[in-house]
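Below is one structure, written out as structure tokens; comments come after it.
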Amino acid sequence: MTYSERATKFTNKVARELFEIVERKKTNLALALDVTTKQEFLNITDSVGPYICCLKTHIDILVDFDDELIEQLKRLQAKHSFLIFEDRKFADIGNTVKHQYSQGIYKISEWADIIDAHSLPGDGIVSGLKEVGLPLGRGLLLLAEMSSKGSLATGSYTDATVEMAQRHKDFVIGFIAGRKLLMNDDFVTMTPGVGLDVTKDGLGQQYRTPRDVILESGSDIIIVGRGIYGSGKDVIAEARRYRDVGWNAYEERIGK
Ligand code: 5FU
């Protein structure tokens, strides 16, 4: 199925919006922007904005975070049209994650369209996040697999995560995983650990190509970080390159 056909099937508003943006901008690329200053963060977002469907953040690594940053980020979101995914990887009991999601310095629920969580604590984590996020029209991804070497999220853990998602289809829009996990098209699959030039970093990250991820493994969205903004790289040229390779793999998959 095409992205636009998929978009019509989702009941969750964010999942629909994501695939509408993907189709409209012809990009299945999400940028993982792990830089530590506001200036760099905003400059790269503005440069790469036209080529991405989603900006993935780790808001707590910014050394100079303030509320103004969120306003500037929202302006860039409106200018370029992308969803914001805060890769917070919640992992606590429902009552705690509810506060972590909506309170504290970052007030993630106010600006992040998408968040993610580990399934480890059980269904309560989804229920807690849902209490906050569903009324705001947000969506949750469950971490069913991880890209790092030696990840324990495999086998029956992954299977149980998929079952958890199916029990919360109103709020869980899909998975962080290396491959499409269900034959049906009810969930979004987003895959990190994507790179064209290297196969690993020195800290356990493992990279696969966009073609492998989209064409061979049936994922929907490639998440690329240092492959785009790594040292000495022309971020615009790299973003275009990943967008093109990711989109060509999708077209090949649907037989276009
Ligand atoms: F859930 C995951 C995972 O399994 N692997 C990841 O790499 C998340 N990530 C994130 O994707 C990680 O926290 C980084 O933000 C990003 C990958 O960045 P890279 O620079 O492309 O390696």
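The values are calculated or read from the model by the stated rules, or taken from the named source; none is laboratory data. If you're wondering where the values come from, they're calculated on a predicted model, not measured in any experiment. Cβ coordinates were reconstructed from backbone atoms using ideal geometry, including for glycine residues, and neighbour counts include every protein chain displayed.
Of all residue pairs spaced 6 or more apart or on separate chains, those with beta-carbon atoms under 6 Å, a first member in the stretch 66-93 that is in contact (Cβ under 8 Å) with a residue 40 or more places away in the chain and of a type in the set (Asp, Glu) and a second member that is within 16 Å of the ligand (Cβ to nearest atom) and in a loop (DSSP other than H, G, I, E, B) are 87/58.
Does residue 119 satisfy the criteria of being surrounded by fewer than 23 Cβ atoms within 10 Å (Cβ to Cβ), modelled with pLDDT of 95 or more and not acidic (Asp, Glu)? For residue 119, the condition - surrounded by fewer than 23 Cβ atoms within 10 Å (Cβ to Cβ), modelled with pLDDT of 95 or more and not acidic (Asp, Glu) - is not met. The conditions are (1) within 16 Å of the ligand (Cβ to nearest atom); (2) in contact with a strand residue (DSSP E or B) (Cβ under 7 Å, 6 or more places away or on another chain); (3) not small (Gly, Ala, Ser), and residue 12 fails exactly one of them. Which is it? Unmet condition: (1).
Does the stretch 57-67 contain at least one residue that is within 13 Å of the chain's Cα centre (by Cα), at pLDDT 95 or above, closer than 26 Å to residue 132 by Cα and within 16 Å of the ligand (Cβ to nearest atom)?
Here is the first cut: in the stretch 57-67, the residues within 13 Å of the chain's Cα centre (by Cα) are 57-58.
Narrowing the set further to residues that are at pLDDT 95 or above leaves 57-58.
Filter again for closer than 26 Å to residue 132 by Cα, leaving 57-58.
If we keep only those that are within 16 Å of the ligand (Cβ to nearest atom) as well, we get 57-58.
Yes - at least one qualifying residue is present in the stretch 57-67.
Close Cβ contacts (under 8 Å, 6 or more residues apart or on different chains) running from residues in the stretch 140-169 that are over 29 Å from residue 17 (Cβ atoms) to residues that are within 12 Å of the ligand (Cβ to nearest atom) and among the acidic types (Asp, Glu) comprise 151/145; 154/145.
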